[in-house]
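The structure under discussion appears below in the form of structure tokens.
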Amino acid sequence: MVAETARKFQALEAQAQRLMAVFTKAGYEAVAPAIIQPADVFLDVVGESLRARTYVFTDPDGSELCLRPDLTVPTCRLHLERHPACDVEARYCYNGPAFRFQPAGADAIAHPREFRQAGIEYFGSTKREEAEVEIVRLTINAVRSAGLKDFGLRIGDLGLFHALLDALEMPERWRARLRYHFWRPDAFREELARLTRDPAEAVHDLPADLMAKLNRDDLAASEAAVSAYLAENGLELVGARSISEITQGLLAAAADAAAEPLSSEAAGLIEDYLKVRAPARAAAARVRDLMENRGVDLGSAFDTYERRLKLLAGAGLDLGEIEFSAEFGRNLEYYTGFVFEIVVPALGRGSPVAGGGRYDGLLKAVGAPEAVPAVGSAIHTERLLAVVNGDGP
């Protein structure tokens, strides 16, 4: 057992050297972000799925910390420490362990609790599509350098989805809600159906006397009314929601009750768009036809998608072998635009060998003064090694 563990470690180290050589040769600086990170930073930005799987603990001083569940956020924090204004273009690469809780019975190769990531992050490039294609190309070159031959490339584009919501008539709070639920298909469908059926359902189970006291034009008075209601009824705050957050939620529910339902045509278009899955070029034609038939203009988002395809083709990738899926957004909720994954049949779509995408809001979320263009990817090196060696899940 000890000998086997040592052989695996040596194999992973040899593989990492090949991966990192591809990255550093392309001008990416090798960095080693801290393994222990402030928990609040991660829990605020990674989304519900990963938040529930992050190892969190409290140190003797009372600070809440975590073992990093990925290396993108730590690399963002490292960049911010070096460049507080985040006004310089920078490329970083790394290789190191990450930690995620896995339920009992999870496959030890595809989903270990401690695993290694080798990845790249590109901050500050205004040539957005060029930067995205550079990340895809380097990630593919890296896995090929490690011996991976047969794989598929899957892409998505949250920018198209956001543009569709922006083009449809609905309150902005509904757009925000649908964007939030994008990563939770069941909740998304439930919310879309509710908005179409009867938004007033949002207040059916809420106390009428409290709702009558709320005033969207006077937040302070509304918060006072909520505080008084909780005190009068002996109710305590549960979880992390503040009085302000509870009040905002109640005001949104009241606004929903007074709104007209989302049109069935708008809901149908959203559903039809999310069903689009096809080779990348054919998907563009399907999306174009779908929008033209409904009289909807996605504006620059569609132009961006087509420009990206041209650049991918120019980088030597076969667009007929790239699958686009409109409902694909990866499982990290900080992504804001283009996303991709490298998948292999042996592991399936639930266990990609590598993946990444654009996350323009993440640096600001961890402390940058404003949003910064950012795109990156990470390779799950244990999965890569297992597939190359033919070990399988």
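The values are calculated or read from the model by the stated rules, or taken from the named source; none is laboratory data. Owing to the predicted nature of the structure, the values given are computational and were not obtained by experimental measurement. Glycine also receives a Cβ, built like all others from the backbone with ideal geometry; neighbour counts cover every protein chain displayed.
Observations
- Members of the stretch 364-385 found to be surrounded by fewer than 24 Cβ atoms within 10 Å (Cβ to Cβ) and either assigned to a helix (DSSP H, G or I) or of a type in the set (Lys, Arg) (or both), listed by number: LYS364, ALA365, GLU382, LEU385
- Counted residues, the stretch 56-102 - those being of a type in the set (Val, Ile, Thr), under 27 Å from LEU384 (Cα atoms) and in contact with a helix residue (DSSP H, G or I) (Cβ under 9 Å, 6 or more places away or on another chain): 2
- ASP166 being at pLDDT 95 or above, within 26 Å of VAL372 (Cβ to Cβ) and surrounded by fewer than 15 Cβ atoms within 10 Å (Cβ to Cβ): yes
- Total residues in the stretch 24-74, condition crowded, with 19+ Cβ neighbours inside 10 Å, of a type in the set (A, V, I, L, M, F, W, C) and touching a residue at least 60 places away in the same chain (Cβ under 8 Å): 5
- Among residues that are assigned by TED's automatic domain parsing to the domain that holds VAL45, under 15 Å from the mean Cα position of the chain (by Cα) and surrounded by 22 or more Cβ atoms within 10 Å (Cβ to Cβ), ALA280 is not included.
- Any hit, the stretch 346-364, residues being within 24 Å of LEU78 (Cα to Cα) and in contact with a Leu (Cβ under 7 Å, 6 or more places away or on another chain): yes
- Selection of the stretch 95-133 for residues being among the charged types (D, E, K, R), in a loop (DSSP other than H, G, I, E, B) and modelled with pLDDT of 95 or more yields only LYS127.
- Scope the stretch 292-305; condition surrounded by fewer than 18 Cβ atoms within 10 Å (Cβ to Cβ), part of a helix (DSSP H, G or I) and touching a helix residue (DSSP H, G or I) at 6+ places or on another chain (Cβ under 6 Å); matching residues: ARG294
- Filtered residues of the stretch 257-291 (kept if touching a helix residue (DSSP H, G or I) at 6+ places or on another chain (Cβ under 7 Å) and outside any helix (DSSP H, G or I)): ALA259, PRO261, LEU262, VAL276, ALA278, PRO279
- Qualifying residue in the stretch 197-205 (condition: at pLDDT 75 or above and either of a type in the set (A, V, I, L, M, F, W, C) or closer than 14 Å to ALA252 by Cα (or both)): no
- Beta carbons closer than 6 Å, at least 6 apart along the sequence or on distinct chains, pair a first residue in the stretch 147-175 that is in contact (Cβ under 8 Å) with a residue 24 or more places away in the chain with a second that is surrounded by fewer than 20 Cβ atoms within 10 Å (Cβ to Cβ) and among the basic types (Lys, Arg) for LEU165/ARG175.
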